[in-house]
1. Looking at this structure, is residue 59 closer than 18 Å to residue 15 by Cα, modelled with pLDDT of 90 or more and crowded, with 22+ Cβ neighbours inside 10 Å?
2. When you go through 220, 124, 163, 196 one by one, which is the residue that is at pLDDT 95 or above and under 22 Å from the mean Cα position of the chain (by Cα)?
3. Just to confirm my filter: which strands (runs of 3 or more DSSP E) fall fully inside the stretch 201-244 and include at least 2 residues that are within 18 Å of residue 137 (Cβ to Cβ) and touching a strand residue (DSSP E or B) at 6+ places or on another chain (Cβ under 7 Å)?
4. Could you grab me the full set of residues in the stretch 143-160 that are more than 30 Å from residue 72 (Cα to Cα), surrounded by fewer than 18 Cβ atoms within 10 Å (Cβ to Cβ) and in contact (Cβ under 8 Å) with a residue 12 or more places away in the chain?
5. Considering the stretch 18-68 alone, what residues qualify as being over 13 Å from residue 109 (Cα atoms) and assigned to a helix (DSSP H, G or I)?
6. So which residues in the stretch 176-196 are assigned to a loop (DSSP other than H, G, I, E, B) and buried (at least 19 other Cβ atoms within 10 Å of the Cβ), if there are any at all?
């Protein structure tokens, strides 16, 4: 982990949540007390109405820290802005699951005060970059990329090529390629294993494979992964961190590699990942115990 001093802070808020908007005003006061500049995204500035906060089209450039107020979805949106720029992220949980967020809705002011006074301790997580061969656009993903059918119908025979070598053709509804951070998201639901976020590895898992012998695969992050669609495929779409990105043509090839810039998360507790597994996913606990606690 490294420690970074904070002089300029960006704020990204789920403005649909009243509690998050109220928290943004508290965060602005914390920034003011610590003489830290604050910037917000122009399309959120009106809803937040924060005096002294700069509304800039270049958001979040020049920020030393981006604070996300919302759920995991809000944090992922913030990561797509901050990650490629190397700006560390601090997630405050105002959602339902809060697996990626670091701080709960109680105590975030104290945590932020400490970070602004003493610096932010950050941890690098591998991110992914995807592109459709023949197209110029590159997509940055924190959790995963996946290819899926837009409509129910025929299965798709997905070809998987690893650093130039064809290793499998899998009939399935889709394919998900996940970073270690994303191994607790869609990849887990597709039957993939949980990976420590510090691993330099990538997971590949079929979605509803039409075979008894298909299993998820973990490969080195230095591999180039290509998912090849058959010439007769139709109605498939590329998703980035769960959001639709582009419709794929028949015979298209999607290439996934390690992103040049990892995503930086602020960490307050070195054991956060395994504690969160236990608290949020009941890892290491009996199912009955987890259900009893929630009821």
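The values are calculated or read from the model by the stated rules, or taken from the named source; none is laboratory data. Everything numeric in this text was worked out from a predicted model, so none of it was measured. Methodologically, a virtual Cβ is constructed for each residue, glycine included, from the backbone with ideal geometry; neighbour enumeration extends over all protein chains shown.
1. yes
2. 220
3. In the stretch 201-244, the matching strands (runs of 3 or more DSSP E) lie at 225-228, 236-240.
4. Of everything in the stretch 143-160, those that are more than 30 Å from residue 72 (Cα to Cα), surrounded by fewer than 18 Cβ atoms within 10 Å (Cβ to Cβ) and in contact (Cβ under 8 Å) with a residue 12 or more places away in the chain turn out to be 153, 155, 157, 159.
5. 18, 19, 21, 42, 43, 44, 45, 46, 47, 48 - these are the residues of the stretch 18-68 that are over 13 Å from residue 109 (Cα atoms) and assigned to a helix (DSSP H, G or I).
6. 179, 180, 185, 190, 192, 195
For every residue, the table says whether it meets (1) over 14 Å from residue 263 (Cβ atoms); (2) under 24 Å from the mean Cα position of the chain (by Cα).
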| position | (1), (2) |
| --- | --- |
| 35 | yes, no |
| 39 | yes, yes |
| 43 | yes, yes |
| 59 | yes, yes |
| 66 | no, yes |
| 77 | no, yes |
| 87 | no, yes |
| 94 | yes, yes |
| 106 | yes, yes |
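For (1) farther than 24 Å from residue 241 by Cβ; (2) without any contact (Cβ under 8 Å) to a residue 24 or more places away in the chain, each residue gets a yes or a no:
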site: 8; (1), (2): yes, no
site: 11; (1), (2): no, no
site: 23; (1), (2): no, no
site: 28; (1), (2): yes, no
site: 57; (1), (2): no, yes
site: 83; (1), (2): no, no
site: 87; (1), (2): no, no
site: 92; (1), (2): no, no
site: 105; (1), (2): no, no
